[in-house]
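Trainee: Mind looking over this structure? Questions follow.
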Amino acid sequence: MSLHVIQILPMYHPDGEKKLRELANVKQFNEFDEPAIIMYLQQNTVDGIILRAPAKITPELLNHCGHVTAISGAGIGLDNIDVACATSKGIKVLHAPKMNSTATAEHAIALLLSVMKDINVFHSEMQKGNFSFRDGRYTTELEGKTLGLIGFGSIAQKVANIAKNGFGMHVTAYVRTISSDRQQLADSLGVEVTTSMEEVFKTSDAVSLHIPLTEQTRELIDQKLFNLMKPSAVLINTSRGGVIHEADMVASLKNKTFSRAGVDVFAVEPPSDNHPFFEMKEITMTPHIGGISIEAARKTSVVIAENLIKAIQGETLSVIANAQSIVKTNKG
């Protein structure tokens, strides 16, 4: 019998959808309509669910996943899936393998260049025909500046490599602990590692965020850290919007506590029409597009489709985020 899978929202690339339909019978929902999805779960035997944000897997939805054995997100982050609740029901939760690291790292660098060179402001003035806006204004070079990384995973490591070897920047990375392996990796990249986040914010000309959104990191980047920044410093966020206290960031930019910001992510996505970032010329924004290069989207979509089916069939996979917790629960 063919496996039965629910797909919530289109995948990031049609090749992934094609692969999924080769492997399973698929019911696709093109919008996140939780009551309709619950009704479908009640009326059909469903083996797995694959979804992308802003769709969510809530406890209410999980209460109707009696036959579901695996759920896959479309990216590395799982903040739109109630992993704890899924684990309690013995449902495997998969995240995408790290196939968009290059795309996201390049996007972080693009935002860094944009804010250091004031691209969005100059572009806006050029659209008005205001060529003389250049008079008396200067951009900032990256060479010799210090880039501070909050987090040191695969994306941050690629950012470090580009910044150091491409632009001649000094790079410091905040990590929670400094193991011998991590120190060796940092040394190979020419990166200084520290367990002091405050020191990174205090000494950096640019800070780039590369941490997941958890209860511990929600609104972690707040006024106390902004107050440590140089007035000329910039902040880049391609991780998750919720790690920043957005109101504090707006206030800090208005007060010129630090200079500019480049963000690809928002605490709530899509942001409201009156989001305060929209009025800020100091903020360069993109719509959570950093990890969605054509290359990464194609490769990732195909692999997550294949991995979901493998997980349903009982294969052991490194991308099952709650594998150890499920084992403990079953032993429980």
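The values are calculated or read from the model by the stated rules, or taken from the named source; none is laboratory data. Owing to the predicted nature of the structure, the values given are computational and were not obtained by experimental measurement. Note that we place each Cβ from the backbone using ideal geometry, even for glycine, and neighbour counts take in every protein chain shown. The protein model used for the area step is the full one, side chains on, heavy atoms only, and it has no ligands, DNA or RNA in it. Shrake-Rupley method; radii C 1.70, N 1.55, O 1.52, S 1.80 Å.
Trainee: Which value, in Å³ per residue, describes the convex hull spanned by the Cα atoms of segment 93-247?
Mentor: 145
Trainee: Please compute the modelled spin-label separation between I38 and K164, points set 7 Å along Cα→Cβ, answer in nm with one decimal.
Mentor: Result for the modelled spin labels: 5.1 nm.
Trainee: Using only the Cα atoms of segment 73-183, build the gyration tensor, take square roots of its eigenvalues as a ≥ b ≥ c, and label the shape rounded, prolate or oblate: rounded if a/c is under 1.5, else prolate if a/b is larger than b/c, else oblate.
Mentor: It comes out oblate by the Cα gyration axes.
Trainee: Would you work out the relative contact order for segment 149-263, in percent, from Cα pairs under 8 angstrom that are 6 or more residues apart?
Mentor: 23
Trainee: GluC sites (Glu not before Pro) within segment 253-323: which are DSSP loop residues with at most 15 other Cβ atoms inside 10 Å?
Mentor: E315
Trainee: Ok, one more. Using only Cα atoms, what Kirkwood radius does segment 95-157 have, in angstroms?
Mentor: 14.2
Trainee: Let me ask another. Please give the contour-minus-distance gain from L317 to K202: 0.36 nm per residue of separation, less the Cα-Cα distance, rounded to one decimal in nm.
Mentor: 37.3 nm
Trainee: Continuing with this model, one more query. Compute the FRET efficiency between T195 and K254 as 1/(1 + (r/R0)^6), taking r as their Cβ-Cβ distance and R0 = 30 Å, and round to the nearest 0.05.
Mentor: E(calc), rounded to 0.05, equals 0.45.
Trainee: Could I ask something else about it? Hey, what's the chain come to in accessible area per residue, 1.4 Å probe, Å²?
Mentor: 49
Trainee: Considering only protein heavy atoms and a 1.4 Å probe, what is the carbon-and-sulfur percentage of the accessible area of the chain?
Mentor: 50
Trainee: Right, something else. Which helices of the chain meet both criteria: a Cα extent of 15 Å or more along the helical axis and a mean Kyte-Doolittle score no lower than -1.0, with helices taken as whole DSSP H segments?
Mentor: Passing helices, by number: 101-116, 154-167, 294-312.
Trainee: Check each of the chymotrypsin sites (Phe, Trp or Tyr not before Pro) in segment 165-266 and keep only those in coil by DSSP with at most 10 other C-beta atoms within 10 angstrom; list them in order.
Mentor: none
Trainee: Let me make sure I get this right: for the chain, a, b and c are the square roots of the gyration tensor eigenvalues over alpha carbons, sorted descending. Under 1.5 in a/c it's rounded, otherwise prolate if a/b > b/c, else oblate. Which is it?
Mentor: prolate
Trainee: If you take the square roots of the eigenvalues of the alpha-carbon gyration tensor of segment 205-287 and sort them as a ≥ b ≥ c, do you get rounded (a/c under 1.5), prolate (a/b over b/c) or oblate?
Mentor: oblate
Trainee: Further question on the same structure: How far apart, in nm, are two points set 7 Å out from the Cα along the Cα-to-Cβ line at E279 and at A84?
Mentor: 3.6
Trainee: Here is a further query. Quick one: check the C-alpha center-to-center distance for segment 131-180 versus segment 215-259, whole angstrom.
Mentor: Spelled out, the Cα-based centre of one part sits 17 Å from the other.
Trainee: While we're here: So what's the convex hull volume per residue for the Cα atoms of segment 1-116, in Å³?
Mentor: Taking only Cα atoms, segment 1-116 has a hull volume of 121 Å³ per residue.
Trainee: In nanometres, what is the gap between the two model label sites at I294 and S2, each 7 Å from Cα along Cα-to-Cβ?
Mentor: Between I294 and S2, the simple spin-label model gives 3.0 nm.
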